[in-house]
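Comments concern the structure below.
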Amino acid sequence: MFAHIEFSVTGTSLASLGGDPDYTLTVWDWKKQRVVLRAKAFSQEIYRVSFSPYTDNVLFTSGSGHIRFWKMAQTFTGLKLQGEIAKFGQLELSDVSAFYELPDGKVVSGTDYGTLIVWEGQFVKAHLLLNVETKTPLHKGVIEVIIQDGDFYITAGADGFIKWWKISDID
């Protein structure tokens, strides 16, 4: 069973996520119908895989209690998938359904409690709320979608709202 598939920005590669029980991330050369790389994505449920919108050598996976940042790296033994699991630190652990990469390499992801997290590498750079003092989240519930539209990120949540956020404010 496949949990999710997505093409790279150039359209030359396809990434797939296997569902229960293996949770395998596979990168394909789909035109030649061959596997390029394969790795265990996580040990729990995986929701989504996506290539960077800027390069075919960077991928992201997310799911139950995690987001993971992947690089396809040339090592002395050949091409490998190297993944770093995000460190939530002081923040409450969250399922991650939605994420998107900023132009400078940071990643913004949604949480199941309605906030956004900005990641720099595997570490939290910022935790975004409407009001820090009252801890008011951006959405009431899970942020299911994050997409870019020009100078804005659009988020859609389980609360039924679609909201626009200036990229410059998030970054």
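So here's what we get for this one:
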{"item": "Candidate set: the range 4-22, residues that are in contact with a Phe, Trp or Tyr (Cβ under 9 Å, 6 or more places away or on another chain) and either farther than 23 Å from E101 by Cα or buried (at least 20 other Cβ atoms within 10 Å of the Cβ) (or both); chosen: the one modelled with the lowest pLDDT", "result": "G19"}
{"item": "Residues within the range 74-103 that are over 25 Å from E45 (Cβ atoms) and touching a residue at least 12 places away in the same chain (Cβ under 8 Å), tallied", "result": "3"}
{"item": "Residue tally, condition closer than 22 Å to T10 by Cα, hydroxyl-bearing (S, T, Y) and loosely packed, with under 14 Cβ neighbours inside 10 Å, over the range 38-74", "result": "1"}
{"item": "Which numbered condition K31 fails, given (1) touching a residue at least 40 places away in the same chain (Cβ under 8 Å); (2) assigned to a loop (DSSP other than H, G, I, E, B); (3) over 30 Å from L138 (Cα atoms)", "result": "(1)"}
{"item": "Qualifying positions in the range 56-82 - of a type in the set (G, A, S) and either within 20 Å of G110 (Cβ to Cβ) or in contact with a Leu (Cβ under 6 Å, 6 or more places away or on another chain) (or both)", "result": "S62, G63, S64, G65"}
{"item": "Strands (runs of 3 or more DSSP E) lying entirely in the range 75-171 (those with 3 or more residues that are of a type outside the set (A, V, I, L, M, F, W, C), surrounded by fewer than 19 Cβ atoms within 10 Å (Cβ to Cβ) and touching a Phe, Trp or Tyr at 6+ places or on another chain (Cβ under 8 Å))", "result": "78-85"}
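The values are calculated or read from the model by the stated rules, or taken from the named source; none is laboratory data. Not measured: the values here are computed from a predicted model. So basically every Cβ, Gly included, is an ideal-geometry build from the backbone, and we count neighbours across all protein chains shown.
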